[in-house]
Amino acid sequence: MNETPGAGPTVDGAPKASVMTGTGSGAEWLTRYSTSLMGVFGTPQRVLVRGAGCLVWDADGKEYLDLLGGIAVNALGHAHPFVTSVIASQLATLGHVSNFFTSPTQIALAEKLLALTHAPAGSKVFFTNSGTEANEAAFKLARRNGTGPAGAPRTKIIALEGAFHGRTMGALALTAKEAYRAPFEPLPGGVVHIPFGDVAALEAAIDETVAAVFLEPIQGEAGVRPLPAGYLRAAREATTKAGALLILDEVQTGIGRTGKWLASEDAGIVPDSITLAKGLGGGFPIGALITFGERVSSLLGAGQHGTTFGGNPVATAAALATLHAIESQRVLENVATVGDYLRSGLAAVDGVTEVRGAGLLIGFDLDADVAPAVVNAGLESGFIVNSPGPRTIRLAPPLVLTTDQAGAFLAALPALLQTAKDTQ
Ligand SMILES: *Cc1c(COP(=O)(O)O)cnc(C)c1O
């Protein structure tokens, strides 16, 4: 320990936040939490103080294998040295400018995203701070999508049952779950939810009053449900015919999560727009709306949308560093290998009835409603997993998860299921 003049203690010459937070046990922190933080998240499962790669440690010193990765956010695990040093160096060079100005990292990241998504000429990027903001921007884009029959504005937007697109009012209108929506109605109008994965229902719902169709290639919050093969292609054909935009929400599935840069890549279609966020900044908050082609990219004109923080130099540097590390560490190959290994291992576990997903976005169902108890048993045994439903477990680990780490979870799972059933 040494001293920074006027700033309290430092470690290794670098100031630490603990100078300002104080320290405590997990139980002490949770008492402070419950008296100071809004209750929207319930009681946090643990107080985490440190991470490295796929491991995190709580305030009581217990170690966990992080198989949730901040819900598909920590693409390169925790405290990745390259991403960390790029962020620190950018912050020490230029941390923020208003959007009256731009910066090299913002421009280079936009170029990189257009290249990675094979965007045609005229395609453009708008940066946000989160997934919901990217979908808000997409919602506004949809409202600008020209007119339908007899010059009437296109007001209808189609989304799917089970959809999750975020919590702000526009994105919430696109989100299907009644419990999230009902307390906040009226929501922005015109959104219709149609049955999941049903091509006939989609074709019946689309006409020239439809501004846009929003789809997640794999529904994450609904328990990792992939759209059936052929659905995206059918959606592309139907939207093109009706002049509606096809907007893909790849906030959870994008940036290598499935072993491809985009989950929709295999469908061989060009959507009108894609939204990204979660994994993009490798843990730093950033989102993006990408619009494909010139017409869609000019629907939002000067002054029609904006953001203070979106696209700031530090966030865009973090994303550039994340994308660079994913490429140079051959992370996509790791996702495919470890994902296959995990999914086939899970399918062989007694009590697992179905395994879904792609790459390292995995959902599996259990033969009893014990998923929340499995989450708790996991924490006790040093594994972080998530239960999006009463009998569904979701894994969205760092994309750098090793086969050995995946194997450790597979070896532990039978006992976790047994503990969960015993405590139920
Ligand atoms: C998480 C998520 C969002 C919302 O992102 P936030 O950053 O939490 O606002 C939107 N769409 C999908 C598919 C998501 O998984």
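The values are calculated or read from the model by the stated rules, or taken from the named source; none is laboratory data. Remember, it's a predicted structure, so these values are computed and weren't measured experimentally. Heads up, the Cβs are rebuilt from the backbone with ideal geometry, glycines too, and the neighbour counts pull from every protein chain shown.
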Exercise for review: Return the only residue of ALA75, ALA108 being hydrophobic (A, V, I, L, M, F, W, C) and assigned to a loop (DSSP other than H, G, I, E, B).
Suggested key: ALA75
Study note, to complete from the structure: Among (1) loosely packed, with under 15 Cβ neighbours inside 10 Å; (2) within 16 Å of the ligand (Cβ to nearest atom), ALA176 falls short only on (1)
Point to revise | Residues satisfying the stated conditions in segment 388-412, i.e. of a type in the set (Gly, Ala, Ser) and crowded, with 21+ Cβ neighbours inside 10 Å | key: ALA396, ALA406
Review point. Which residues, counting only those in segment 118-152, are assigned to a strand (DSSP E or B) and over 25 Å from ALA200 (Cα atoms)?
Key: LYS124, VAL125, PHE126, PHE127, THR128
**Study point:** Among the residues listed as ASP272, ASP340, ASP367, the single one being touching a Gly at 6+ places or on another chain (Cβ under 6 Å) and of a type in the set (Asp, Glu)
**Key:** ASP367
Exercise for review: Tell me which residues, restricted to segment 84-138, are more than 16 Å from the ligand (Cβ to nearest atom) and of a type in the set (Phe, Trp, Tyr).
Suggested key: PHE100, PHE101
Exercise for review: Search segment 1-45 for residues being of a type in the set (Val, Ile, Thr) and assigned to a helix (DSSP H, G or I), and hand back the single one that is modelled with the lowest pLDDT.
Suggested key: VAL19
Check your understanding: Taking into account only those residues within segment 247-256 that are part of a loop (DSSP other than H, G, I, E, B) and more than 10 Å from the ligand (Cβ to nearest atom), which is farthest from GLY287 (Cα to Cα)?
Key -> GLY256
**Study point:** Residue check for ARG181: in a loop (DSSP other than H, G, I, E, B), at pLDDT 95 or above, in contact with a Ser or Thr (Cβ under 9 Å, 6 or more places away or on another chain) and surrounded by fewer than 20 Cβ atoms within 10 Å (Cβ to Cβ)
**Key:** no
Exercise for review: Count, please, the residues in segment 331-354 that happen to be within 11 Å of THR403 (Cβ to Cβ), of a type outside the set (Gly, Ala, Ser) and in contact with a helix residue (DSSP H, G or I) (Cβ under 8 Å, 6 or more places away or on another chain).
Suggested key: 4
Check your understanding: How many residues does segment 263-297 hold that are within 21 Å of LEU320 (Cα to Cα), more than 13 Å from the ligand (Cβ to nearest atom) and in contact with a helix residue (DSSP H, G or I) (Cβ under 8 Å, 6 or more places away or on another chain)?
Key -> 4
**Study point:** Residue in segment 198-225 that is surrounded by the most Cβ atoms within 10 Å (Cβ to Cβ), counting only those that are assigned to a loop (DSSP other than H, G, I, E, B) and away from the ligand (no atom under 16 Å from the Cβ)
**Key:** ILE206
Exercise for review: Tell me which of these ILE158 doesn't satisfy, since it passes every other one: (1) over 21 Å from GLN219 (Cβ atoms); (2) more than 15 Å from the ligand (Cβ to nearest atom).
Suggested key: (1)
Check your understanding: Does SER89 qualify as being in a helix (DSSP H, G or I) and farther than 30 Å from LEU346 by Cα?
Key -> yes
Review point. Restricting segment 107-152 to residues that are surrounded by 17 or more Cβ atoms within 10 Å (Cβ to Cβ) and polar (S, T, N, Q), which is farthest from the chain's Cα centre (by Cα)?
Key: ASN145
Practice item. Could you please give the count of residues in segment 305-339 that are polar (S, T, N, Q) and assigned to a helix (DSSP H, G or I)? Key: 5
Practice item. Would you mind telling me which numbered condition in (1) polar (S, T, N, Q); (2) closer than 25 Å to LEU48 by Cβ; (3) assigned to a helix (DSSP H, G or I) SER387 fails? Key: (3)
Review point. Can you tell me which residues in segment 392-415 are charged (D, E, K, R) and free of Cβ contacts under 8 Å to residues at least 60 places away in the same chain?
Key: ASP404
